[in-house]
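Student: Right, I'll just put the structure down here and ask away after.
The values are calculated or read from the model by the stated rules, or taken from the named source; none is laboratory data. Keep in mind it's a predicted model, so treat the numbers as computed, not measured. Every residue, glycine among them, receives a Cβ derived from its backbone with ideal geometry; neighbour counts consider all protein chains shown.
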Amino acid sequence: MITTVEDPQNVGMDASRLGRIDAAMQAYVDRGIYAGINTLVARRGQIVHAGHYGWRDREAKAPMTADTIFRLYSMTKPIVCTALMTLSEEGKFTLVDPVAKFIPAFSSVKVRADDGSLVDPVRPMTIGDVMAHTSGLTYHFLGDSPVSQMYEKAAILQADVSLADAIDDLARFPLAFHPGSRWKYSLGNDVVARLIEIIAGKPLGEVLRDRLFEPLGMFNTGYGVAEAQSGNLAAMYGRPDVIRPGVTAPDCFEAWKHGTNDRFDVSVSYPADKADRFQRGGHGLFGTIGDYFRFAQLLCNGGTLDGHRIIGRKTLELMHTNRIPAALLPLEIGGLPLMGYGFGLGSRVALDIAATNAPGSVGEFGWSGAAKTHYWVDPKEDIVALFMTQSMMSFDLPELELRALVYQALE
């Protein structure tokens, strides 16, 4: 829960200029683009802005509040990657270890060549590859390769399948390319999640709770939503459900063209009542903006929060250093380029601020979720900022607008 908002002047920000965020975010609600929005900005570890706009549930007239729970979708990824790296600090694995060392189902995986033949990979798929999306895996909804189409037809990683069974199933498909030869957004972080379970010897949710959520005080974050908190879960708007089998990138682009802010149900693909079974690494977590702020502030602080060290400073430096060769840039997801960014272990990393078309700093890092959740950390300026709504598809880029509004308030 966000309890205190400090005076921006105390941390080198102009309060009146920072206040411009309110009008800009409220305008998205007033224009009907988003039902509701939460925003948070912190500098030097102090929250200087916490905004709540519109409705958590528009139809029920339930307002957006600090305790609203969001489906984090791909903002699950940085959390899971951080948890895995705490295990590396105990000497449990290295980034160059083959995934097959821990998940034998991948020991015989092949690569689908352009002519349709199956060939041996040039080198093994490593743990570093699955964290950085250079593994040869892909996503079903991208629909841009024969392998992603295989995933789609097989309805891979459905919510009612255990993580262990899902990853063993994934291993029977060929790779879309040789490990290390391309960057492709993928199911790699779901493999990361299974690696956590195997290496730690515990279920994923238990590991995240013990290593991150409880030490950080993230008491409203996890897989599933307790019945007592179900009223705090934000409704989902927009279409289509990009995670659900049968939805492809062309479907998404067509929806974006026409735009919609209709309410719809995602309980099949993103269930709130199956916490024991629906545990994934690429999506699946629920949480509040205040909880995610604590995780992001941990990263900004170099691995400590409230005087307690959770992860090493040099480990985080490694995670947030670009590891994608220039020849493989720009990064691209579903045909949309991520200009100015490289990728580390679980997060994008800013390399060229001019190319990003938004203010920022080289070395800034962060990620987003499919339902328009977004965070970034700027260690140079000691800034953490978050934007959260629940809208599956939109051509609007409120995170870019928020970036401009945050940086223009610096003194």
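Student: Out of the residues in region 131-152 that are in a helix (DSSP H, G or I) and in contact (Cβ under 8 Å) with a residue 60 or more places away in the chain, which is surrounded by the most Cβ atoms within 10 Å (Cβ to Cβ)? Steps first, please.
Tutor: Here is the first cut: in region 131-152, the residues in a helix (DSSP H, G or I) are 131-132, 140-142, 146-152.
Right, trim to in contact (Cβ under 8 Å) with a residue 60 or more places away in the chain and you get 131-132, 140-142, 152.
Details: MET131: 28, ALA132: 26, HIS140: 25, PHE141: 25, LEU142: 23, GLU152: 18.
If we take residues in region 131-152 being in a helix (DSSP H, G or I) and in contact (Cβ under 8 Å) with a residue 60 or more places away in the chain, then MET131 is surrounded by the most Cβ atoms within 10 Å (Cβ to Cβ).
Student: Of the residues GLY342, GLY363, only one is assigned to a loop (DSSP other than H, G, I, E, B) and of a type in the set (Gly, Ala, Ser); which?
Tutor: Just one listed residue meets the conditions, GLY363.
Student: Quick one: in region 319-333, which of the residues that are β-branched (Val, Ile, Thr) and not in a strand (DSSP E or B) is surrounded by the most Cβ atoms within 10 Å (Cβ to Cβ)?
Tutor: Across region 319-333, the extreme among qualifying residues is ILE324.
Student: Right, another one. Are any of the residues in region 391-407 under 24 Å from ARG20 (Cβ atoms), over 20 Å from the mean Cα position of the chain (by Cα) and surrounded by fewer than 19 Cβ atoms within 10 Å (Cβ to Cβ)?
Tutor: So far as region 391-407 goes, yes, one or more of its residues are under 24 Å from ARG20 (Cβ atoms), over 20 Å from the mean Cα position of the chain (by Cα) and surrounded by fewer than 19 Cβ atoms within 10 Å (Cβ to Cβ).
Student: So LYS274 passes all but one of these: (1) more than 25 Å from GLU197 (Cβ to Cβ); (2) at pLDDT below 95; (3) of a type outside the set (A, V, I, L, M); (4) assigned to a loop (DSSP other than H, G, I, E, B). Which condition number does it fail?
Tutor: Here LYS274 clears every test but (1).
Student: Looking at region 1-51 only, could you name the residues that are of a type in the set (Asp, Glu), assigned to a loop (DSSP other than H, G, I, E, B) and either farther than 20 Å from TYR375 by Cβ or touching a helix residue (DSSP H, G or I) at 6+ places or on another chain (Cβ under 6 Å) (or both)?
Tutor: ASP7, ASP14
Student: Run down ARG43, ARG58 and say which single residue is out of contact with any Phe, Trp or Tyr (no Cβ under 9 Å at 6 or more places or on another chain), over 26 Å from ARG209 (Cβ atoms), modelled with pLDDT of 95 or more and not aromatic (Phe, Trp, Tyr).
Tutor: Numbers: ARG58 fails: out of contact with any Phe, Trp or Tyr (no Cβ under 9 Å at 6 or more places or on another chain).
Answer to the check: ARG43.
Student: I'm checking my understanding of the structure. Among residues of region 86-130 that are polar (S, T, N, Q) and assigned to a loop (DSSP other than H, G, I, E, B), which one is nearest to LEU204 (Cα to Cα)?
Tutor: So, considering only residues that are polar (S, T, N, Q) and assigned to a loop (DSSP other than H, G, I, E, B), the one nearest to LEU204 (Cα to Cα) is THR94.
Student: Would you tally the residues in region 393-411 being of a type in the set (Asp, Glu) and modelled with pLDDT under 95?
Tutor: Number of matching residues: 2.
Student: State all residues of region 154-194 that are surrounded by fewer than 19 Cβ atoms within 10 Å (Cβ to Cβ), within 27 Å of TYR341 (Cα to Cα) and not polar (S, T, N, Q); if no residue qualifies, say none.
Tutor: HIS178, ARG182
Student: Considering only residues that are under 24 Å from HIS140 (Cβ atoms), within 18 Å of the chain's Cα centre (by Cα) and not in a helix (DSSP H, G or I), which ones fall in region 171-218?
Tutor: Within region 171-218, TRP183, LYS184, TYR185, SER186, LEU187 qualify.
Student: Turning to a different aspect of this structure: Within region 86-104, is even one residue in contact (Cβ under 8 Å) with a residue 60 or more places away in the chain, polar (S, T, N, Q) and under 24 Å from ASP396 (Cβ atoms)?
Tutor: No.
Student: Still on this model: Only one of LEU336, LEU305, LEU299, LEU316 is crowded, with 23+ Cβ neighbours inside 10 Å and over 16 Å from the mean Cα position of the chain (by Cα). Can you tell me which?
Tutor: LEU316
Student: Can you tell me which residue is nearest to TYR270 (Cα to Cα) among those in region 156-209 that are of a type in the set (D, E, K, R) and in contact (Cβ under 8 Å) with a residue 24 or more places away in the chain?
Tutor: ASP160
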